[in-house]
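**Q** Please read through the structure below; I'll follow up with questions.
Quick note: the coordinates plus some simple rules give every number you see, no bench work behind them. Given the structure is predicted, the values throughout are model-derived calculations rather than measurements. A quick note on method: Cβ atoms are made from the backbone with ideal geometry, for glycine too, and the neighbour counts reach across all protein chains shown.
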Amino acid sequence: MTLTFQAPKGLSGQIVPPPDKSITHRALMVAGIAEGSSHVHNPLDTGDCISTRRCLESLGVSFAEERDGDSQSSLKIEGRGTRGFQEPADIIDAGNSGTTTRLLAGLLAGQRLFAVLTGDDSVRSRPMLRVVRPLRLMGADIKGRQGGRYLPLVFSSGAGNLQPIEYQLPVPSAQVKSALIFAGLRAEGKVRIGGAIHSRDHTERLFEFLGLPLAREGQWLIVEPIDRISPFELTVPGDISSAAFFITAALICGQELRVDRCGLNPSRLGFIEVIRRMGARLELEEGEPTGGEPWGALHVLPGPLHGTEVTPDEIPSLIDEIPLLAVLGVFAEGTTRVRGAGELRHKESDRLAAVANLLGSVGGTVELTEDGFFLDGPQALRSGLVDPAGDHRIAMAAAVLGAGVRDGVAVSGFEAAQVSFPDFVGVYRSLGGEVS
């Protein structure tokens, strides 16, 4: 499906972003190892989160869809307990979801079952040894392609428990950190996780909300084993990473935007801090937390944009928004530089190469480095056709770029956006944009 996006009068107004993908994954998984009926309200019900649900169903977790009076969707989830997964009758397929594969590895490791975990072509090319290696140190019997470097992974039946370890994360990864936290619930002693632990903290916040045994001691996260997790109820806030697309669109159009019911987790607000440096004016209105997560409203006010430098220590808090910083950079005065983003080469696509392709398709220029890029702005852009190669974030970044290009930008394969933002086209139109 090829769609052309343009906004001759700019994009402005008010939006409620789709539910947070990262929080939905974690809520479903923890509900799956709880005992009894948990209720997750407003889950993201598309793409990767459907993959997580299907994987859990293959392990015996049951889901029932419910509908609240205000039409908000909910899921009733019957968990199996921390050691109660049933052996799957077939291969577990995580589809296009790297989050599902890595977090699920932490739940499967050492369980009393045999399981084979795989995914689509993209996920089978993504590095898995970073999570397999520490799980093996805990005693899990895991085999895989190229020694466990890539999917498929085979989990052999264990005793249900794992060994306690002290492990230093070599690079920031919320997925690997979460997998080890999950595995630590079934260890025979404390699991200590150190090193590069400063990444998004949705798992830590969920554990605190549920009263699960996870603590921070200096530069370490300490997980203690637990026999039972009680069922729970929580509401998933809107996804700040999804909201970032329309925040970017409003800024390059010089328009105002209000974002309601949006997650405001500090570990996800790196993008907000960077665009403030670039000249954006933002007002945050925080409401009552939900499930341990802060949420509220954002009011975006435009201003003249200028380039900035994004340093490696900022990357974990804005890893998903880096393509949007490139989009902002071509409309900003001066140089925009990103360093320390080598992890982007291992996402749904090589997102650094995809950024170069995105801008090049509309006459823009960007210089790639091994772990980032730099570009000068403002740049004169023209209408063009962008192939996002199946990457949902590149597809939506291209659509946002169209708001600032005369005659717009055409995007092939735009159905990829369904993975995280199923009503992107509808929201684009509601803000005054044109899609054809």
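**Q** Which length gain, in nm to one decimal place, applies between residue 141 and residue 91 when the Cα-Cα distance is subtracted from 0.36 nm times their residue separation? Mind showing how you got there, number by number?
**A** Working: separation 50, 0.36 × 50 = 18.00 nm, distance 1.70 nm.
16.3 nm is the gain from fully extending residue 141 to residue 91.
**Q** Can you pull out the GluC sites (Glu not before Pro) in the range 17-111 whose DSSP state is coil and whose Cβ has at most 12 other Cβ atoms within 10 Å?
**A** Numbers: sites: 35, 57, 65, 66, 78; in loops: none.
Sparse-neighbourhood loop GluC sites (Glu not before Pro): none present.
**Q** Calculate, in nm to one decimal, what residue 217 and residue 66 gain on full extension: separation in residues at 0.36 nm each, minus their alpha carbon distance. Each step should come with its number before you reach the end.
**A** Values: separation 151, 0.36 × 151 = 54.36 nm, distance 4.00 nm.
Here the segment from residue 217 to residue 66 would lengthen by 50.4 nm.
**Q** Against the longest alpha carbon principal axis of the chain, how many degrees, from 0 to 90 and to the nearest 10, is the axis of helix 240-253 turned?
**A** Once rounded, one gets 10 degrees.
**Q** Of 151, 56, 301, which is the most mobile in a GNM of the chain whose springs link Cα atoms less than 10 angstrom apart?
**A** Answer for the Gaussian network model of the chain: 301.
**Q** Label residue 154 and residue 188 with points 7 Å out from Cα along Cα→Cβ: what is the distance between them in nm?
**A** The answer from the label model is 2.5 nm.
**Q** What number, rounded to the nearest 500 deg cm²/dmol, is the helix-based mean residue ellipticity at 222 nm of the chain, given -39500 (n - 2.57) per DSSP H run of at least four residues and division by all its residues? If you can, show how the numbers build up before the last one.
**A** On the way: 12 runs with 123 residues, N = 436.
The per-residue figure over the chain is -8500 deg cm²/dmol.
**Q** Provide Rg over Rh for the range 388-436; use the alpha carbon set for both Rg and the Kirkwood Rh (inverse mean inverse pair distance).
**A** Numbers: Rg = 10.1 Å, Rh = 10.8 Å.
On the Cα set of the range 388-436, Rg over Rh gives 0.93.
**Q** Counting only C-alpha contacts under 8 Å and six or more residues apart, can you give the relative contact order of the range 21-165 as a whole percent? Intermediate results must be reported in sequence, preceding the final value.
**A** On the way: 296 pairs, mean separation 30.0, N = 145.
Contact order relative to length: 21 percent.
**Q** Nothing charged except the Cβ atoms of Lys and Arg (+1) and of Asp and Glu (-1): what's the magnitude of the dipole of the range 21-165 about its Cα centre? Round to the nearest 20 debye. Numbers along the way, then the final one.
**A** Working: 18 positive and 15 negative charges, 176 e Å.
Charge dipole, the range 21-165, about its Cα centre: 840 debye, nearest 20.
**Q** For all pairs of alpha-carbon atoms in the range 165-212, what percent lies in each bin of width 10 Å, listed from the first bin to the last filled one?
**A** 27, 59, 15
**Q** Moving to a separate point now. Evaluate the distance, in nm, between pseudo-label points positioned 7 Å from the Cα of residue 385 and of residue 276 along their respective Cα→Cβ axes.
**A** About 4.3 nm separates the two model spin labels.
**Q** Right, next: Please name which of 25, 60, 125 has its Cα lying farthest along the dipole of the chain towards the positive end, using unit charges on Cβ (Lys, Arg +1; Asp, Glu -1) and the Cα centre as origin.
**A** Farthest towards the positive end: 125.
**Q** What fraction, in whole percent, of alpha-carbon pairs in the range 26-158 exceed 23 Å separation? Mind dumping the intermediate values first?
**A** Working: 2734 of 8778 pairs.
Considering the range 26-158, 31 percent of its Cα-Cα pairs are separated by more than 23 Å.
**Q** Please give the length that would be gained between residue 430 and residue 37 if that part of the chain were fully extended, namely 0.36 nm times their separation in residues minus their C-alpha to C-alpha distance (nm, one decimal). Walk me through the numbers on the way to the answer.
**A** Numbers: separation 393, 0.36 × 393 = 141.48 nm, distance 3.76 nm.
Contour length minus Cα-Cα distance gives 137.7 nm.
**Q** Tell me the label-point distance for the pair residue 286, residue 226, using the 7 Å Cα-to-Cβ offset, in nm and rounded to one decimal.
**A** Modelled inter-label distance: 2.4 nm.
**Q** Need one number: convex hull volume per residue for the chain, Cα atoms only, in Å³.
**A** 126
**Q** Now for a different question. Let me know the charge dipole size of the chain about its Cα centre in debye, to the nearest 20, where only the beta-carbon of Lys, Arg (+1) and Asp, Glu (-1) is charged.
**A** Working: 42 positive and 53 negative charges, 198 e Å.
In total the dipole reaches around 940 debye.
**Q** Checking the cross-link filter: which lysines have an alpha carbon closer than 29 Å to that of residue 177, excluding same-chain neighbours under 8 positions apart?
**A** Correct list for residue 177: 21, 76, 143, 190, 347.
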